[in-house]
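Shown next, in structure tokens, is the structure this report addresses.
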Amino acid sequence: MNKPTLAVIFGGQSSEHGVSCLTASQVLAAVDRTKYEVVPIGITASGRWVCETAEWPETAPGTLPQVREDLPEFSWSRIAEIDVAFPLLHGPWGEDGTVQGLFEMAGVRYVGAGVLASSVSMDKPFTKTVFSAAGLPQLPYVTIQPWEWSTYRTRSLARVQALGYPMFVKPARAGSSSGVTRVTQEADLVAAIDLAREHDPKVVIERSALNPREIECAVIQDAKGKPIASEVGEIVVQTGPQHDYYDFKAKYLDGTSQNVVPADIPTGVKERVQAYALQAFDAVGAEGLARVDFFLTDNVDGGLVINEINTMPGFTPFSMFPRLWEASGLAYADLVDHLITLALNRDLGLR
């Protein structure tokens, strides 16, 4: 029998391009080549689809790999050869339903959430609306649409300042803390919004959690499609002059963050995290996998609030998502294989 053709897609046009490349190199190393015919596809920062290998020379400290622009283009005529795609793309133009829609139209099965769940989960204000309808606890927030900032700036700023300081200013549709600023005083607010708008014209501002602990839980579906929650972990960041929160450098570049698995939290809190993670997964209609992020904080009743859901989390062996499943008894290579198998076995079209 012919082996199924697996396309592993990475890079992309978002600010998380390098993170995607890092993920792809590890997933490609873990894929069982006796089971799949593997086709690596890179998307350059300019949007070209090329025949990549995800094998780069060692990068300098503090840098991430990039899809190479000088490689042969991937021919669209080869889409029909693909049995299943693993889109290891983070951020807009990949994790947001765009690539998922492409595969739906082409009749290609793929790993992860569908069009709607990907889009809703990428857009933080829409995610918050869905979480609110599901009854999940959240911190107060304000959304600024592009037209509001250009036409009603004073009114927009008044709405934001009513949240109280400190606050986090974020692009509405970005990840890995790209374009995010922690703001502690009014004098820094406009600059923070302008920075976020460099990544996305729509901005979301959230009240900061008080003395927050960053808690994370992973979700996958079993062979019958039932979502199951992993062990619970905690992100610990060495705060100080370099970082006052879990920013991009702390996540990927300078080694100042630590994944603690399992998290040192009471059993009752762990069970609430796992229950909320499953609730969030179902609320957005996710499929395959997700990582759900929370804050344990002093300024809300019950202490636990949901932050966001990530439908294509970082996937290096050191990332929190596979670490959580390893602690739950599922090794990295087995996790990769399980997700590909889920995708191969699910129906095309409406599900």
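Mind telling me which of the residues 218, 174 ends up being closer than 30 Å to residue 337 by Cα, outside the structural domain of residue 279 (by TED's automatic domain parsing) and either in a loop (DSSP other than H, G, I, E, B) or in contact (Cβ under 8 Å) with a residue 40 or more places away in the chain (or both)? Sole residue among the options that is closer than 30 Å to residue 337 by Cα, outside the structural domain of residue 279 (by TED's automatic domain parsing) and either in a loop (DSSP other than H, G, I, E, B) or in contact (Cβ under 8 Å) with a residue 40 or more places away in the chain (or both): 174. Considering only the range 290-306, I want to know if a residue exists there that is modelled with pLDDT under 80, crowded, with 18+ Cβ neighbours inside 10 Å and farther than 30 Å from residue 349 by Cβ. Scanning the range 290-306, I find no residue that is modelled with pLDDT under 80, crowded, with 18+ Cβ neighbours inside 10 Å and farther than 30 Å from residue 349 by Cβ, so the answer is no. Counting only residues that are without any contact (Cβ under 8 Å) to a residue 60 or more places away in the chain and in a loop (DSSP other than H, G, I, E, B), the range 180-199 holds 2 of them. Each residue in the range 200-214 was checked for being more than 16 Å from residue 149 (Cα to Cα) and assigned to a loop (DSSP other than H, G, I, E, B), and 5 pass. The set of residues in the range 320-337 that are under 15 Å from residue 234 (Cβ atoms) and buried (at least 21 other Cβ atoms within 10 Å of the Cβ) comprises 320, 321, 323, 324. Scanning the range 102-144 for residues that are in contact with a Pro (Cβ under 8 Å, 6 or more places away or on another chain) and within 30 Å of residue 210 (Cβ to Cβ) yields 122, 141, 143.
Looking only at the range 294-345, how many residues end up being over 22 Å from the mean Cα position of the chain (by Cα) and closer than 17 Å to residue 227 by Cβ? Qualifying residue count for the region: 2.
Filtering the range 48-98 to residues that are in contact (Cβ under 8 Å) with a residue 40 or more places away in the chain, over 27 Å from residue 114 (Cβ atoms) and either touching a helix residue (DSSP H, G or I) at 6+ places or on another chain (Cβ under 7 Å) or among the β-branched types (Val, Ile, Thr) (or both) leaves 63, 64, 65, 66.
Does residue 101 satisfy being touching a residue at least 60 places away in the same chain (Cβ under 8 Å) and out of contact with any Lys or Arg (no Cβ under 7 Å at 6 or more places or on another chain)? So residue 101 does not fit the description; no. For residue 317, the conditions (1) in contact with a Phe, Trp or Tyr (Cβ under 6 Å, 6 or more places away or on another chain); (2) crowded, with 23+ Cβ neighbours inside 10 Å are fulfilled apart from (2).
Does the range 198-212 contain at least one residue that is in contact with a helix residue (DSSP H, G or I) (Cβ under 7 Å, 6 or more places away or on another chain) and closer than 18 Å to residue 290 by Cβ? No, there is no match, as no residue in the range 198-212 is in contact with a helix residue (DSSP H, G or I) (Cβ under 7 Å, 6 or more places away or on another chain) and closer than 18 Å to residue 290 by Cβ. Evaluating residue 342 against the criteria (1) in contact with a strand residue (DSSP E or B) (Cβ under 9 Å, 6 or more places away or on another chain); (2) surrounded by fewer than 17 Cβ atoms within 10 Å (Cβ to Cβ) leaves one unmet condition, (2).
Yes/no matrix, rows are residues, columns are (1) in a helix (DSSP H, G or I); (2) of a type in the set (Val, Ile, Thr); (3) on the phi > 0 side of the Ramachandran plot:
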{"site": "278", "(1), (2), (3)": "yes, no, no"}
{"site": "281", "(1), (2), (3)": "yes, no, no"}
{"site": "293", "(1), (2), (3)": "no, no, no"}
{"site": "298", "(1), (2), (3)": "no, no, no"}
{"site": "309", "(1), (2), (3)": "no, yes, no"}
{"site": "316", "(1), (2), (3)": "no, yes, no"}
{"site": "326", "(1), (2), (3)": "yes, no, no"}
{"site": "337", "(1), (2), (3)": "yes, no, no"}
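Please find, within the range 129-171, the residue that is nearest to residue 92 (Cα to Cα) out of those that are part of a strand (DSSP E or B) and not polar (S, T, N, Q). The selected residue is 171.
Every listed requirement among (1) loosely packed, with under 14 Cβ neighbours inside 10 Å; (2) more than 17 Å from residue 294 (Cα to Cα); (3) modelled with pLDDT under 95 is met by residue 174 save one, (1).
The values are calculated or read from the model by the stated rules, or taken from the named source; none is laboratory data. Since this is a predicted model, take the numbers as computed values, not measurements. As a convention, Cβ positions derive from the backbone with ideal geometry for all residues, glycine included, and neighbour counts pool all protein chains shown.
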